[in-house]
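Structure first, commentary second.
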Amino acid sequence: MAFDAEAGAATKPAATDASDAGAAFVLESKGTWWHAGFHLTTAIVGPTVLTLPYALRGMGWALGLAVLTIIGAVTFYEYSLMSRVLEHCEARGRRHIRFRELAADVLGSGWMFYFVVTVQTTINTGVSIGTILLAADCLEIMYTSLSPNGPLKLYHFIIIVAVALALLSQLPSFHSLRHINFASLLLSLGYTILVSAACIGAGLSKDAPAKDYSLSSSKSDQTFNAFLSISILASVFGNGILPEIQATLAPPVAGKMIKALVLCYSVIAFTFYLPSITGYWAFGSHVQSNVLESLMPDSGPALAPTWLLGLTVLFVLLQLLAIGLVYSQVAYEIMEKNSADAMQGKFSRRNVVPRLLLRTLYLAFCAFMAAMLPFFGDIVGVVGAVGFIPLDFVLPVLMYNIALAPPRRSPLFLANTAIMVVFAGVGAIGAFASIRKLVLDAGEFKLFSNNVVD
């Protein structure tokens, strides 16, 4: 039933059920605003920042940096609006700790619950598969540099990563990841500094490619590349789990999420702009989709010291484990809600056994998919365009317009509507661009391959 903005009430109760183990165990509300900031930073700031120079390549200096800034400002605005909707509902006795329940309640449609849970679960499972694959790729890079003719294959490293995640996944709650996510924040700062320093060194070296910042001579290619870059930027800023992160805050939550967002976006300002500028400056229109590939070309010497590149890959590997844990929390919450008994302790045998079994099976499934589909990055591109855009760019402004009901002719309502329309279009174009890349790469796809398709 629909949320009644005027009365400040809704037609069905939303109080958290005392028997809801998903809420009691996985989404327990004990955190501070800086803990939420750590969770947000891990959800948004990841190795995808290494694709940002490539995004600038599609638009050039002025437009690229302008769009990066605009999308950053829009996502901060969107996330702050969603936080306000959550606080608005809670102030009226309707606390929501799950994205799917918030959307279904505010938008007044039963199918919206299933739409959000399907999209959110698909994104989170896709990210989990992708992090296992990329972490295994990092291990393989390190292994082959030490033992070029060694017997281990990609699937061996996938198993190693999955076992590590299975062990870490036994941390019972989102809140219990706060120290890991603080370390993740430090790791993101670390590899940002290392990669940026490597790009500056490469740009000044005699082996660096000639600096060329020109765009394609074809107007149609320029347009297509610009929209592809915009969809990359939109996906990089996405997370899709803000309500679940806000649920980890200890009450009262009013105002805390804005502080968490400020912390997160302070890190974003550093980790997004620095590699974008240095990577694009160093390699220009020759920059690869991952700037590390430009620093380690297939032919010729590496353009950065081996120790620096190795340390960067290690930092990326460790942060990928944290990202995998964060994006698994929605799946774990669904499992816990349906399998655990909230009346017994979270560490009771009754709850530990199904937790151990279900989370390990989930990660085994993700590992199997990563081994079977080493070209999964292309599929994730489609999922990201179709998933992150509605969850992070469309639904927040739509829910705000309905729940807080600003006047329809007010600048706020019109701006929210414009954002919704523009980014719905960006999502459609991004999905088309990702599907096009999927088709172009199809010739390289091979099930259970030992090579990851970029």
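The values are calculated or read from the model by the stated rules, or taken from the named source; none is laboratory data. This one's a predicted model, so the numbers in the text were calculated from it and none came from an experiment. Positions of Cβ are backbone-derived with ideal geometry, glycine not excepted, and every protein chain shown enters the neighbour counts. Just the protein is used for accessible areas: all its heavy atoms, side chains included, with ligands, DNA and RNA removed. Shrake-Rupley method; radii C 1.70, N 1.55, O 1.52, S 1.80 Å.
Taking the numbered list (1) among the hydrophobic types (A, V, I, L, M, F, W, C); (2) free of Cβ contacts under 8 Å to residues at least 24 places away in the same chain; (3) buried (at least 22 other Cβ atoms within 10 Å of the Cβ) in turn, residue 102 passes all entries but (2).
Of all the criteria given as (1) open to solvent by 10 Å² or more (accessible area, probe 1.4 Å); (2) over 15 Å from residue 59 (Cβ atoms); (3) not basic (Lys, Arg), the one not satisfied by residue 277 is (2).
Exactly one residue among 335, 296 is in contact (Cβ under 8 Å) with a residue 12 or more places away in the chain, over 30 Å from residue 201 (Cα atoms) and of a type outside the set (Phe, Trp, Tyr), and that residue is 335. Of all residues in region 327-356, those that are open to solvent by 50 Å² or more (accessible area, probe 1.4 Å) and of a type in the set (S, T, N, Q) total 2.
Here is the figure for region 268-313: residues that are polar (S, T, N, Q) and in a loop (DSSP other than H, G, I, E, B) total 4.
Residues in region 55-72 that are among the small types (Gly, Ala, Ser) and open to solvent by less than 60 Å² (accessible area, probe 1.4 Å): 55, 58, 60, 64, 66, 72.
Just so you know, in region 284-298 the residues that are more than 24 Å from the chain's Cα centre (by Cα) and either within 19 Å of residue 140 (Cα to Cα) or open to solvent by less than 50 Å² (accessible area, probe 1.4 Å) (or both) include one that is modelled with the lowest pLDDT, and it is 298.
Selection of first residues in region 171-196 that are farther than 19 Å from residue 316 by Cβ and of second residues that are open to solvent by 50 Å² or more (accessible area, probe 1.4 Å) and of a type outside the set (Gly, Ala, Ser), restricted to Cβ pairs under 6 Å at least 6 apart or on distinct chains, gives the following pairs, ordered by first then second residue: 175/30. So is residue 316 assigned to a helix (DSSP H, G or I), open to solvent by 20 Å² or more (accessible area, probe 1.4 Å) and of a type in the set (Val, Ile, Thr) or not? Considered against the rule, which asks whether it is assigned to a helix (DSSP H, G or I), open to solvent by 20 Å² or more (accessible area, probe 1.4 Å) and of a type in the set (Val, Ile, Thr), residue 316 comes out as no. Can you find a residue in region 393-406 that is part of a helix (DSSP H, G or I), within 22 Å of residue 133 (Cβ to Cβ) and at pLDDT 70 or above? Checked region 393-406: no residue is part of a helix (DSSP H, G or I), within 22 Å of residue 133 (Cβ to Cβ) and at pLDDT 70 or above.
Scan the helices (runs of 4 or more DSSP H) fully inside region 178-267 and keep the ones with 1 or more residues being open to solvent by 30 Å² or more (accessible area, probe 1.4 Å) and touching a Pro at 6+ places or on another chain (Cβ under 9 Å).
Answer list for region 178-267: 178-204.
Note on region 30-60: residues that are over 27 Å from residue 325 (Cβ atoms) and modelled with pLDDT of 95 or more amount to 0. From the list 126, 110, 93, exactly one residue is open to solvent by less than 10 Å² (accessible area, probe 1.4 Å) and of a type outside the set (Ser, Thr, Tyr). Which is it? When all the criteria are applied, what remains is 126. If you check 427, 381 for being surrounded by 21 or more Cβ atoms within 10 Å (Cβ to Cβ), at pLDDT below 85 and farther than 24 Å from residue 132 by Cα, only one passes: 427. In this structure, residue 141 does satisfy being under 26 Å from residue 284 (Cα atoms), surrounded by fewer than 24 Cβ atoms within 10 Å (Cβ to Cβ) and at pLDDT below 90.
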